[in-house]
Each structure stands twice: as structure tokens, then as C-alpha cells.
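Asks: First the structure, which I've put down as C-alpha cells, then a few questions once you've had a look.
Read the figures in this text as sums done on the coordinates, not as results from a lab. Everything quoted here is computed from the prediction, not taken from an experiment. For neighbour counting, all protein chains shown are included, and Cβ atoms are generated from backbone atoms with ideal geometry for every residue, glycine included.
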Amino acid sequence: MASASSVRRIAATVLAAGAVVGAAALPAAAQDHGQRQHPRVEISRVQADSPGRDDRTNRSLNNEWVEITNTTRDAINLRGWTLRDDDGNRYRFDNVRLAGRATIRIHTGSGRDTRTDLFQNRRDYVWDNQADTATLRDDRGRTVDTESWGRRHH
């Protein structure tokens, strides 16, 4: 059976070793702190101002879109993810599988969903031409990426 002083010496050695390992890891962690990591899924492009007249035709509505890109090699299921604007308009993804290194375009108007294009089936524009923010959130409500343009006057 080990004596109390042996147990104390072993505990002190273990604690000291932990402190050395923690101190060695600190500079690496401090280096990463200021750098923004790229999200696995990101808002890669936004066409907020539909080309031509804003006449609310389905063609015009579908020329307003947001592109989402999977930057990883692995497919990601976007089920339950949301895309929102500053006014609270929300598009919720259904069972959408985004392949690795793939991009999908979310149009405002109506159409038939495909592997590369989704449609919100709205009859009015979502994205403000002058200033807005597109926010992509995962199925747990965590912000994955945002894209802003113009200036908002609060």
C-alpha cells in the first residue's frame, strides 16, 4: 500500500505534467482565436436585385436567389435548416441532400425543386435590393453563415 506522501508526490507530478501540456497547447489555441474558420456550408452568392423590372412575375421572382455551397467532400442533409432575411421571411429546407462541393440555388418564386434549384413558392420578393442580410441556420437554430449587403438605418 502506498504511503500518503507517495500519493501526494504522484498527484503533484500528474498535475505538473497537465500544466505543461496545457501551456504548450495555449499558443496554438491563441493563434486560432482571431481567425475566422470557413463554415462547412456557406452562402456563396446572392442575387437580391432581380434583373429588369420588378413586376412580380414568376420569372422575375425566380431571378432573385441565394446560393448555398457545401465546402466539404461529404454530403450534408439540410433538413430543418432555415434561410432568413432581416424582415423575418423564412425558408425551411425539407429533406435536401447537398452533395460534397456542390451548390444549390434557392429561388424566391415557384418551380419544381431539383438537385441544383429549390423554390420558395412566394408571390412577392424576399431580398431587399438596397440592404438586407441572408442568414443560414442549421436544424438546431445555430447561425452557420450570413451574407449582408448595403446599409441598414436602424
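Asks: Convert 4 °C to kelvin, take the viscosity as 1.567 mPa s, use the Kirkwood radius over C-alpha pairs of the range 97-145 as Rh, and evaluate the Stokes-Einstein diffusion coefficient in µm²/s, rounded to a whole number.
Replies: Approximately 102 µm²/s, per Stokes-Einstein.
Asks: Something else: For the pair R73 and R123, what calculated FRET efficiency results from E = 1/(1 + (r/R0)^6), where r is the Cβ-Cβ distance and R0 = 41 Å, to the nearest 0.05?
Replies: The value I calculate is 0.60.
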